[in-house]
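Notes to accompany the following structure.
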Amino acid sequence: MPTRLGKYLLLRKLAEGGMAEVFLAKELDGDGHHVVIKRVLPHLCEDPAFVRMLVHEAHIAARLTHPNIVRTHELGRERGMYFIAMEYVQGEDLSALGKRAEGPFPPGVALRIACDACAALHHAHEARDNQGAPLGIVHRDVSPENMVITPAGDVKLVDFGVAKATALGGHTLDGRAKGKHAYMAPEQFLGRAIDHRTDQFSTAVVIWELLAGRRLFRREADWLTMSAVVEEEAPTLRSIRADVPATLDEVLARALAKKPDERYPCCHAFAKELERVGEAEGWDMSKQALAHWLRGLFTDESWTRRVHGPETSPWAPARLARKRIVVPVAIMLLLAAAVVLAATWLRW
């Protein structure tokens with residue numbers, strides 16, 4: 001049965017991690033639109049340090065209003081449980097799309113995704129408080145799983161839940177590095193200061209992998225992955241595919257520099273260089289081109305069937321209504337059949 005949490009009705013569980021459960025939910029007030037709810041696990045709600053971090057980071061995310069960032073609606077508390085309500089986006093993350101593509105992405109498509117992700121990150125990096133002071137937001141977990149693409153070709157960056165805002169005092173609970181190892185920057189492993197250029201490195205890893213059709217730093221063991229990130233240089237894309245110019249390798253090499261000072265000054269500058277290369281090569285980097293390519297990946301089934309939207313939820317209102325009617329009727333018919341059989345048997 002659906003569970004009520006504050007003004008939301010939890011329809012079905014989407015995922016569960018080490019810190020929270022993720023649900024598709026419906027707002028009971030207003031227009032009843034669908035949202036995603038992250039409900040913090042009970043044992044963490046009892047940790048004052050975690051709760052302080054959660055409140056700080058929810059405030060961070062609520063400040064970010066950008067077309068390429070999944071919007072955070074509110075931080076709520078119900079029966080001692082904390083939850084975050086976020087915009088519901090119907091789409092697929094890059095990890096799933098990469099498996100679906102089974103090979104390199106077209107250059108124009110990969111660069112469209114890169115530029116939109118950079119726009120989202122630059123907006124977050126430049127965010128300021130009410131007094132105009134920089135918040136110093138760093139996502140710290142840029143990865144394919146945290147980039148969602150919609151059927152219309154919109155790129156959405158999700159999960160600023162591990163973001164750090166120096167002005168709001170958000171810190172990692174116990175000093176552990178956050179983020180997925182294969183996409184983390186060297187300074188994250190080395191325990192050095194991180195800033196907006198850390199997200200730039202992670203974004204460059206994602207784009208390199210989209211263009212190469214294979215992983216860059218991931219190895220069989222975590223310690224090998226960490227060693228590769230810190231010590232190994234990325235192979236050139238031209239050594240993998242011939243349709244990529246040397247200029248693109250140069251741009252990615254700078255964004256993938258081991259030392260932050262050797263990278264681009266900001267994600268906006270990184271995106272501008274990617275756009276310059278794409279325009280010089282005549283690649284179609286439009287949102288429409290991205291949407292068209294995505295449709296080609298799903299020739300055997302529609303996006304509506306592929307993407308698990310509210311209409312496919314086992315607890316969707318229409319299905320609930322059918323269940324309320326069909327189940328009692330079925331029980332009554334079975335009981336009636338049993339009575340008839342019993343009466344027939346007694347006559348014999």
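Looking across the stretch 49-96 at every residue that is touching an Asp or Glu at 6+ places or on another chain (Cβ under 8 Å) and without any contact (Cβ under 8 Å) to a residue 24 or more places away in the chain, the one that is surrounded by the most Cβ atoms within 10 Å (Cβ to Cβ) is identified as ARG71.
For residues that are crowded, with 19+ Cβ neighbours inside 10 Å and among the charged types (D, E, K, R), scanning just the stretch 112-134, find the one that is nearest to the chain's Cα centre (by Cα). So the residue we want is ASP116. Inspection of the stretch 21-29 identifies at least one residue that is of a type in the set (Phe, Trp, Tyr), free of Cβ contacts under 8 Å to residues at least 24 places away in the same chain, outside any loop (DSSP other than H, G, I, E, B) and buried (at least 20 other Cβ atoms within 10 Å of the Cβ). Taken over the stretch 206-221, residues that are more than 18 Å from GLY103 (Cβ to Cβ) and touching a Phe, Trp or Tyr at 6+ places or on another chain (Cβ under 6 Å) amount to 0. Checked against the criterion of being under 30 Å from ILE194 (Cα atoms) and modelled with pLDDT of 95 or more, the stretch 277-293 contains one or more residues that satisfy it.
Restricting attention to the stretch 190-229, the residues that are crowded, with 16+ Cβ neighbours inside 10 Å and either free of Cβ contacts under 8 Å to residues at least 40 places away in the same chain or aromatic (Phe, Trp, Tyr) (or both) total 7. For the stretch 231-261, the candidate set comprises residues that are in contact with a Lys or Arg (Cβ under 7 Å, 6 or more places away or on another chain) and in a helix (DSSP H, G or I); within that set, the residue that is nearest to ARG197 (Cα to Cα) is PRO260.
The values are calculated or read from the model by the stated rules, or taken from the named source; none is laboratory data. Remember, predicted model here, so these are calculated numbers, not experimental data. We place every Cβ from the backbone using ideal geometry, glycine too, and count neighbours over all the protein chains shown.
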